[in-house]
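Only one structure is covered here, and it is reproduced in the block below.
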């Protein structure tokens, strides 16, 4: 019944809405800077779900620059965890209008559905829209991603709020970026692929944020764009290298065998720095136990976390492996914008010869790490250097 309702709601969203013609013209002409602000909740903001460095607003800027390389585009992220349409309305002047945007994208609903009745949600959204228009900004409304069904957030209720957004876009003649429908299209084709767009039950990972950005960019420009070739941020050791450069002490939380080798690797490059390594035991542990241990990381506040999940650890289904592995990474990251470095080492870096099951686990882990917008430490099969040397060589390749 729920799936039929979702399909019906997605199929009924076939009307034409008003494209952001002024912003599209500014991008095409590339004569003056284009300012865009994306307001929303934790799904919009920069949090652990997508690696703590970027979310879909940052990906939207990359997408628009791909489509219009001569344009000067600034996309500002105004997402705050736990926010609703009511909160967005209250902070609109400070977080959005003060930046004099040409275009505002609005993505609320995930928290409204548990705290704000849909009628009040629509009233709040209308006020946000009108105040943006009064300030001279165009508006694009965005539905949110589809989610794992739960008693707190039933899919059917989220679909109701998504439909309210579609109805509002039609009534107000606004551009509509139907991200909910985009996610549901993936789920209809391949449920596992849809599941792999999520970092947890409701929040997308970076692969999901790229789908957001591609969908919103299409609404803004009328053109398709792919972000599949966009890798993680170029400096995975930004916090660590900054401290090393100032000879400040470093604390590392590392899974074996790297807990035995990371100090020597760092001291090859910075011999005078005080380094404290706290081991993260994995022997005899399950993925669930490693996930539980990861919950201690945020209170620990290390400078560097090295995740090296053994290749023999698995779950009954890819979805279950995804859930456990993602939460190991999620809990290892700070809640909001990244406060320390998290890097993942694949099993083959320490054990070049893997059996079939380990190779399968590693392939899925590689995808999950990329989807989290984190960096991997890998080595070529022919590289037989000792682990401290290998780690030092990897660190030396990173440009601060």
(message) Given axes a ≥ b ≥ c from the Cα gyration tensor, I'd like to know whether the range 238-396 is rounded (a/c under 1.5), prolate (a/b larger than b/c) or oblate.
(response) oblate
(request) On a 0 to 90° scale, report how tilted helix 387-396 is relative to the longest principal axis of the chain, with both axes built from alpha carbons and the result rounded to the nearest 10. (result) 40
(message) Which of the three applies to the range 113-197, rounded, prolate or oblate, going by the alpha-carbon gyration tensor with a ≥ b ≥ c and a/c under 1.5 meaning rounded?
(response) oblate
(request) Note down the relative contact order for the range 130-257 as a percent, whole number, built from C-alpha pairs under 8 angstrom at least six residues apart. (result) 21
(request) Pop the C-beta distance of residue 393 and residue 98 into the FRET formula with R0 = 60 Å and round what comes out to the nearest 0.05. (result) 0.80
(request) Give, in nm to one decimal, the length gained when the segment between residue 363 and residue 201 is fully stretched (0.36 nm per residue of separation minus the Cα-Cα distance). (result) 56.1 nm
(request) Give the percent of DSSP beta bridges with both residues in the chain that are antiparallel, rounded to the nearest 5. (result) 5
(request) Per DSSP H run of n ≥ 4, the term is -39500 (n - 2.57); total these for the chain, divide by its residue number, and report the mean residue ellipticity at 222 nm rounded to 500 deg cm²/dmol. (result) -13500 deg cm²/dmol
(message) Can you compute the label reach from residue 90? Point 7 Å from Cα along the Cβ direction, backbone N cut-off under 16 Å, restricted to the range 20-58.
(response) 40-42
(request) Give, as ranges by residue number, the residues of the range 38-60 whose backbone N falls under 15 Å from the point 7 Å along Cα→Cβ of residue 242. (result) 52-54
(message) Compute the distance from the alpha-carbon center of the range 143-179 to that of the range 97-129, in whole Å.
(response) 12
(message) Given the range 12-102, report the % of alpha carbon pairs whose separation exceeds 21 Å.
(response) 42
(request) Can you tell me the FRET efficiency between residue 65 and residue 260 if r is taken as the Cβ-Cβ distance and R0 is 35 Å, rounded to the nearest 0.05? (result) 0.20
(message) No solvent, one uniform scatterer per C-alpha: report log10 I(q)/I(0) for the chain via the Debye equation at q = 0.10 1/Å, two decimals.
(response) -0.70
(message) Could you check the spin-label model distance between residue 134 and residue 270? Points 7 Å from the Cα along Cα→Cβ, value in nm.
(response) 5.1
(request) Report the full-extension gain for the segment residue 312 to residue 292: residue separation times 0.36 nm, less the Cα-Cα distance, to one decimal in nm. (result) 5.4 nm
(request) Compute the projected area of the convex hull of the Cα atoms of the range 2-221, averaged over all viewing directions, and report it in nm² to one decimal place. (result) 10.9
(request) Quick one: angle between helix 206-221 and the longest Cα principal axis of the chain, in degrees between 0 and 90, rounded to 10, please. (result) 30
(request) Quickly work out the residue 193-to-residue 114 label distance, labels modelled 7 Å from Cα along the C-beta direction, and quote it in nm with one decimal. (result) 3.0
(request) Return the whole-Å distance between the Cα centroid of the range 186-254 and the Cα centroid of the range 342-400. (result) 18
(request) May I ask you to derive the relative contact order of the range 2-221, considering only C-alpha pairs under 8 Å and at least 6 residues apart, and to give it as an integer percent? (result) 26
(request) Subtracting the Cα-Cα distance from 0.36 nm times the residue separation, let me have the gained length for residue 25 to residue 384 in nm, one decimal. (result) 123.7 nm
(message) Contact order normalised by length for the chain, with contacts defined as Cα pairs under 8 Å and 6 or more residues apart; what percent is it?
(response) 17
(message) Between residue 283 and residue 334, what's the calculated FRET efficiency when r is the beta-carbon distance and R0 is 25 Å? Round to 0.05.
(response) 0.35
(request) Using a 10 Å cut-off on Cβ atoms, rank the peptides 294-306, 266-278, 28-40 from the highest mean neighbour count down. (result) 28-40, 294-306, 266-278
(request) Treating the angle as unsigned and between 0 and 90°, give the value, to the nearest 10°, between the Cα long axis of helix 179-189 and the longest Cα principal axis of the chain. (result) 60
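Read-outs throughout are calculated quantities, based only on the coordinates presented, and are distinct from any laboratory measurement. For clarity, every value in this text was computed on a predicted model and none was experimentally measured. All Cβ positions, even for glycine, are placed from backbone atoms using ideal geometry, and neighbour counts span all protein chains on display.
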